[in-house]
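Comments concern the structure below.
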Amino acid sequence: MTTATSGTATSGMANSGMAMADDGENSQKQLGERRETFDGFISATKWAVILVALALILMAVFLV
């Protein structure tokens with residue numbers, strides 16, 4: 001549920017105490033943190049796919 005107050009949209013829930021990034025420095029920091037998280041996720045996904053493929057290849061060789 002959203003309500004308009006003073007031209008800004010707010011949720012019906014109380015503010016959790018986290019300030020929004022208004023300045024360029026803080027938003028750049030958040031962007032960098034998100035980029036690091038995304039890069040870590042992509043790396044972990046890549047290695048998971050490689051390990052699953054390797055397991056399937058080994059199963060095909062030794063179990064068939």
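The values are calculated or read from the model by the stated rules, or taken from the named source; none is laboratory data. A quick note: this is a predicted structure, and the numbers were derived from the prediction, not measured. Glycine gets a Cβ as well: all are built from the backbone with ideal geometry, and neighbour counts include every protein chain shown.
Among the residues of region 3-19, is any surrounded by 10 or more Cβ atoms within 10 Å (Cβ to Cβ) and modelled with pLDDT of 55 or more? Quick ask: steps written out before the conclusion?
At the first step, the residues of region 3-19 found to be surrounded by 10 or more Cβ atoms within 10 Å (Cβ to Cβ) are 10.
Remaining after also requiring modelled with pLDDT of 55 or more: none.
Within region 3-19 (the criterion being surrounded by 10 or more Cβ atoms within 10 Å (Cβ to Cβ) and modelled with pLDDT of 55 or more), the answer is no, since none of the residues qualifies.
Got a number for residues in region 48-64 being loosely packed, with under 10 Cβ neighbours inside 10 Å and assigned to a helix (DSSP H, G or I)? First the steps, then the outcome.
Taking region 48-64 first, the residues loosely packed, with under 10 Cβ neighbours inside 10 Å are 60-64.
This time we only want the ones that are assigned to a helix (DSSP H, G or I), so: 60-63.
Count: 4.
Go through region 19-47 and give me each residue that's part of a helix (DSSP H, G or I) and hydrophobic (A, V, I, L, M, F, W, C). Lay out the reasoning, then the answer.
From region 19-47, those part of a helix (DSSP H, G or I) are 24-47; that's our starting set.
LEU31, PHE38, PHE41, ILE42, ALA44, TRP47, listed by residue number.
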